[in-house]
Number of protein chains: 2
Amino acid sequence: MEELTTFELSREYIDRLEEAIEAEDNQFIVKSLDGVDPRDISSVLDELDLEGAKYVLSLLNDEIASNIIKELDPDVRSKFLKNVEPEKINRLLDNLETDDAVDIINELPVKLREEIIAGIDNEERAAYIVDLMRYEEDCAGGLMAKELVKANLNWNVVQCIDEIRRQAENVQKIYSVYVVDNNGILLGRTSLKRIILATNKTLIKDIYEPEIVSVETYMDQEEVVSVMRKYDLDAVPVVNGKGKLVGRITVDDVVDVMAEMAEAERQLMSGISEDVEEDDSVWMITRARLPWLIIGLGGGLLGAWFMGLFEEDIVLIPAMAFFIPLITATGGNVGIQSSAIVVQSLADKSGIDPGNIQRFYKGLLVSFLNAVVLAIITLLFNLILGQPSKLGFVVSIALFAVVMLASIMGTITPLILDKFKINPALASGPFITTANDLLGLGVYFVIAHYLYHM
Amino acid sequence: MEELTTFELSREYIDRLEEAIEAEDNQFIVKSLDGVDPRDISSVLDELDLEGAKYVLSLLNDEIASNIIKELDPDVRSKFLKNVEPEKINRLLDNLETDDAVDIINELPVKLREEIIAGIDNEERAAYIVDLMRYEEDCAGGLMAKELVKANLNWNVVQCIDEIRRQAENVQKIYSVYVVDNNGILLGRTSLKRIILATNKTLIKDIYEPEIVSVETYMDQEEVVSVMRKYDLDAVPVVNGKGKLVGRITVDDVVDVMAEMAEAERQLMSGISEDVEEDDSVWMITRARLPWLIIGLGGGLLGAWFMGLFEEDIVLIPAMAFFIPLITATGGNVGIQSSAIVVQSLADKSGIDPGNIQRFYKGLLVSFLNAVVLAIITLLFNLILGQPSKLGFVVSIALFAVVMLASIMGTITPLILDKFKINPALASGPFITTANDLLGLGVYFVIAHYLYHM
């Protein structure tokens, strides 16, 4: 067994490789990368400067090079493909499945795109690629590849094996053989296992399963993920509005979509506005972070202005100020918890939707319990530490009100965002924290003001 | 094509089903669930009370019932299996792959567990199950199933097909045929596609690929996920320390692990301490939320005590209080952003680790830029709104310091947690917000105090 996983990217190797590039020591470069998985080579290239990476790539054969290109970050890739002649790009794309080829073509400038498509020799492939380019990236049509093995209902096993042989080069992993009628309408599936175990003359119609889960081209990618997860599918056939088989989506695409969704959500929850990673430039990271910080700062400045209206109260009772962070922080924490629970149940759509009214009452009840406990703890603290008892009561009443309001806001905001097709995880981020800070201050000062002047 | 996806869970159906259960109208129950996917039936049972669900289950045949049992929530499942005779449990488990069977056995009381294992008729299967029970749930050994197809290097295709036929019933999806030597040591793999396309007399050694990615039994499940994602694997063979093939992990397990990881992270980031869902009881949700709120409250009370030390400053300059939420909120936002970026790069381990020192300097630089911009905006606001100019400077200086410190804390905390093998996403939650609130207050009041008394 030759283990592929043993390739460990090390700083020493990269240093050695950079020297070899400098010295044009092609033998070392080719030899040290021989047999290494394209995905690992792609990580190696990520560590080199653009010229060095291009140089290494030019030494590798087209098949390996195309798999490396596929693995690169889109922005690195477009730099890579700049100034490469269209013929070379076509040679590289020829080794990829149609869905990956289309993703790359779509990143190219429009003019180059046309040249590439005109340059595809295989007519069937060209038609496939043009067909796939019609779809939005984030729907089933945008995820699917055209490569699949389909068999007519009336074929026998030998005819089906001939078709598998014909497609063997194009279809890397077969998963299922899809069964269609004479018009290409999807009828069901059969497996390679059944084909192997059948006799040559067995008809496909006798070994196929008519129950099959399929998705339509326009289905949203998150729905595709949830269908494939629910039914544990390795591949799902994609049909058009008439039920005709037009492509298939494989599980590796789904795994990628899930990882993207998790990352997008983490960024939304943390107030980072673009898709940045730690190794992006300082400027890019700053640009991704600053807008949310400025929104938060705006909230803080608004809060400062608002408290200015109550300056007299603070002069009268300076201890009021002590409890500002307690009020705002608790409101923020409650709001984020409430929204996280709603976001989670929106993400995970099994079971019957409890209905917004029921959801709302339940959230309210949980918050009521929390609010009572927190208010009592705070009151006890104030009584023990001998804050003027009136202030202690004011703080606890305000805290109670803030917890209830923050919980209502935390529950409603993701539902509203979801209604408008905005990712509800946005509501778990700095957005709701800022809103809750202002809400908390408002409630605290208004309650304090009126209770003291009663 | 019979679409499985058309089964839509509706309140009307559940109501009708509950009536049928009440009336013992078995015909309706069985007929309405005929041909419905076990996963969908499992969602139906989730909506019924325990007695009703048990009644429905008793009407279904063992194979469907076992697949339903597999899909149930673990806590619902253990209620289900309570008081069911061990023989019946064995009949149900017999229809499941070994990994799923072991997960269920491990949830049972120890005494029952022994009875179940003693009751397994098939000796090979019993040995498999006992073997799997040794592994921790969250390592490769705990994820793997024993079902797989392996072929000896020296077999020909006919012998291999015989083996496939022998295993056909046990192995639902074959993916790869693993190639081993006479001692069971993993050497490589071949595919059903290659077997179909080869002639009967072809030897396995002539159509197998010696390059294969495998994982060892003790590998952490998150590493397994990252290996399988990196190499786009549908299944990965698991070997023991000697390289002997002992099981395989399939992609559906990985998808489940990814979903669990995303959910656990969301909960950590939102300050919810247990694995709760919206349809859990009010009491469970409260218990999961309250501890974090109390920690936050503790921070707030500590903050209140701390500010008490500076009461004289507030009496002197009440406007100081206006900027408390601005300072604490900005510190919190910066801290969460910084930690989210570190957490993300810890989660996604491609490329060379930039090293903690380099990471640290880069984070510092980003924060410096952010800090300067935020401090200037705040200063301009204060100058325009005519706050006493000294206070304006104090607030901006404190804001600058808080942004820098919060960023350092946000960067370091997840690295430290990761070092101690604690999920670093914990650092993106209320924990760091609370710490940053206190930090922010400390910096603000100390700076204000000394600048004013200079």
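Could you list all residues from the stretch B:168-186 that are assigned to a strand (DSSP E or B), within 8 Å of chain A (Cβ to nearest Cβ) and in contact (Cβ under 8 Å) with a residue 60 or more places away in the chain?
Selection gives B:ILE185 alone.
Name every residue in the stretch B:52-65 that is out of contact with any Lys or Arg (no Cβ under 7 Å at 6 or more places or on another chain), in a helix (DSSP H, G or I) and farther than 14 Å from B:ASP37 by Cβ, in order of residue number.
B:GLY52, B:ALA53, B:LYS54, B:TYR55, B:VAL56, B:LEU57, B:SER58
Across the stretch A:255-275, what is the total count of residues that are surrounded by 16 or more Cβ atoms within 10 Å (Cβ to Cβ), part of a helix (DSSP H, G or I) and without any contact (Cβ under 8 Å) to a residue 40 or more places away in the chain?
So the answer is 8.
Please verify whether the stretch A:215-229 includes one or more residues that are closer than 27 Å to B:ILE195 by Cβ, free of Cβ contacts under 8 Å to residues at least 40 places away in the same chain and touching a Gly at 6+ places or on another chain (Cβ under 9 Å).
no
For the stretch B:188-213: of the residues being over 19 Å from A:ILE196 (Cβ atoms) and within 7 Å of another protein chain (Cβ to nearest Cβ), which is surrounded by the most Cβ atoms within 10 Å (Cβ to Cβ)?
Going through the qualifying residues, I end up with B:ILE212.
I'm trying to understand the selection: among the residues of the stretch B:205-228, which are part of a helix (DSSP H, G or I) and closer than 24 Å to A:VAL149 by Cα?
B:ILE207
So, B:ALA435, is that one at pLDDT 90 or above, under 30 Å from B:MET261 (Cβ atoms) and within 43 Å of the chain's Cα centre (by Cα) or not?
It is false that B:ALA435 is at pLDDT 90 or above, under 30 Å from B:MET261 (Cβ atoms) and within 43 Å of the chain's Cα centre (by Cα).
Give the residue, chosen from B:GLU114, B:GLU47, that is over 26 Å from B:TYR13 (Cβ atoms) and either in contact (Cβ under 8 Å) with a residue 40 or more places away in the chain or not assigned by TED's automatic domain parsing to the domain that holds B:ASP252 (or both).
B:GLU114
Do we find that A:SER43 is under 26 Å from the mean Cα position of the chain (by Cα), small (Gly, Ala, Ser) and more than 14 Å from chain B (Cβ to nearest Cβ) in this structure?
no
Which ranges mark the helices (runs of 4 or more DSSP H) fully within the stretch A:97-155 that have 1 or more residues being acidic (Asp, Glu) and on the phi < 0 side of the Ramachandran plot?
Where helices (runs of 4 or more DSSP H) fall fully within the stretch A:97-155 and carry at least 1 residues being acidic (Asp, Glu) and on the phi < 0 side of the Ramachandran plot, they are A:98-107, A:110-118, A:123-133.
So for the stretch A:270-286 (the condition being within 20 Å of the chain's Cα centre (by Cα), within 25 Å of B:GLY299 (Cα to Cα) and either within 7 Å of chain B (Cβ to nearest Cβ) or not charged (D, E, K, R) (or both)), does at least one residue qualify?
Taking every residue of the stretch A:270-286 in turn, at least one turns out to be within 20 Å of the chain's Cα centre (by Cα), within 25 Å of B:GLY299 (Cα to Cα) and either within 7 Å of chain B (Cβ to nearest Cβ) or not charged (D, E, K, R) (or both).
So is A:GLY363 in a helix (DSSP H, G or I) and either modelled with pLDDT of 85 or more or in the same structural domain as A:GLU223 (by TED's automatic domain parsing) (or both) or not?
no
Table: residues versus (1) closer than 12 Å to B:ILE327 by Cα; (2) in contact (Cβ under 8 Å) with a residue 12 or more places away in the chain.
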residue	(1), (2)
B:LYS390	no, yes
B:ILE397	yes, yes
B:VAL403	yes, yes
B:THR413	no, yes
B:ILE432	no, yes
B:LEU438	yes, yes
B:ILE447	no, yes
B:TYR450	no, no
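Specify the residue that is farthest from B:ILE357 (Cα to Cα); the eligible residues are those in the stretch A:242-264 that are among the charged types (D, E, K, R) and at the interface with chain B (Cβ under 7 Å from one of its Cβ atoms).
A:ASP252
If I filter the stretch B:236-253 down to residues being assigned to a helix (DSSP H, G or I) and free of Cβ contacts under 8 Å to residues at least 60 places away in the same chain, which single residue comes out as surrounded by the fewest Cβ atoms within 10 Å (Cβ to Cβ)?
B:ASP252
Name the residue that is nearest to the chain's Cα centre (by Cα), counting only residues in the stretch A:378-411 that are among the aromatic types (Phe, Trp, Tyr) and more than 10 Å from chain B (Cβ to nearest Cβ).
A:PHE400
Determine, yes or no, whether B:ALA321 is assigned to a helix (DSSP H, G or I), of a type in the set (Gly, Ala, Ser) and either within 7 Å of chain A (Cβ to nearest Cβ) or in contact (Cβ under 8 Å) with a residue 24 or more places away in the chain (or both).
Yes; evaluated as a whole, the condition is true for this residue.
Quick check on this structure: which one of A:ILE295, A:ILE212 is in the same structural domain as A:GLY442 (by TED's automatic domain parsing) and in contact with a Pro (Cβ under 8 Å, 6 or more places away or on another chain)?
The match here is A:ILE295.
The values are calculated or read from the model by the stated rules, or taken from the named source; none is laboratory data. Treat the numbers as computed from the prediction; the structure is a model and nothing was measured. Cβ atoms come from the backbone with ideal geometry, glycine included; neighbour counts cover every protein chain shown.
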